[in-house]
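One structure is given below, encoded as structure tokens.
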Amino acid sequence: MNRKGFTLIELLAVIILVALIGVLVIPSVIDTAKKTKQKAYDILIENIGTAAKTYFEECEYGDLNNEVKYGSYACTINDDNSIKTTLGTLANLGFLPTKDTETKNGKTLKVVKDPRNQDNDMSDCQIKVIKETTENTDSHGIKIITYKLSKVSGGDNCPSEEDLEKVVIK
């Protein structure tokens, strides 16, 4: 007997097997994607801390406080030893790495996107960088300096206060 094609039962068996494999695999793939995006977000938060520290140091010891040279990106250290800035400023000055850009008023600007949702632009999120010097010293007798972050403004697209409080840079 010369058979051409598959029987209905054989086709149903294959369809059921493919569906079963899909039911088992798809949740794992979705979970892995969520974990990867969360890890990318955690790394972004760490990078924000490092960028904020560098920005503060450039303002304090460099010429980043020069308004003629840096315009709206120039910084001022407040009386409480803090600086307010946006994530967009950190990115556009090169302190916070980002690959996304947009054009505004004929100017190409770097944009900070939330890795968990690429539709969320975090560039306008304003943070406060606080420099604290403690009386404690390290093994070389140098006072320990820490930089802490807090959220100032920016809405739901911004890192949460809890996420920023986890970042303490020494």
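Every read-out reported here was derived from the displayed coordinates using simple, explicitly stated rules and does not represent laboratory data. The model shown is predicted, which means the values in this text are computed figures rather than measured ones. Here the Cβ positions follow ideal geometry from the backbone for every residue, glycine too, while neighbour counts run over all protein chains shown.
Looking at this model, which pairs from LYS131/LYS166; LYS148/LYS170; LYS104/LYS128 are more than 18 angstrom apart at the alpha-carbon?
On the way: LYS131/LYS166 15 Å; LYS148/LYS170 9 Å; LYS104/LYS128 25 Å.
Those over the limit are LYS104/LYS128.
Taking a cut-off of 19 Å between Cα atoms, list the lysines near LYS107, but don't count ones fewer than 8 places away on the same chain.
Those lysines meeting the cut-off are LYS69, LYS99.
Between LYS128, LYS104, LYS39, where does the largest GNM mean-square fluctuation fall for the chain, given springs only between Cα atoms within less than 10 Å?
LYS104
Among [x] 36.3, 130; [y] 14.9, 45; [z] 24.9, 94, which one is Rg and Dmax of the Cα atoms in Å computed from these coordinates?
Recomputing Rg and Dmax of the Cα atoms in Å here gives the entry labelled [z].
Mind checking which of THR50, THR103, THR76 has the largest fluctuation in a GNM of the chain, springs on alpha carbons under 10 Å?
THR103
Using r as the Cβ-Cβ distance of THR103 and SER160, and R0 as 41 Å, what FRET efficiency do you calculate, to the nearest 0.05?
About 0.90, to the nearest 0.05.
With label points built 7 Å along Cα→Cβ from the Cα atoms of TYR73 and GLU60, find their separation and express it in nm.
Modelled inter-label distance: 2.1 nm.
What whole number of Å gives the distance from the Cα centroid of the range 136-150 to the Cα centroid of the range 46-99?
20
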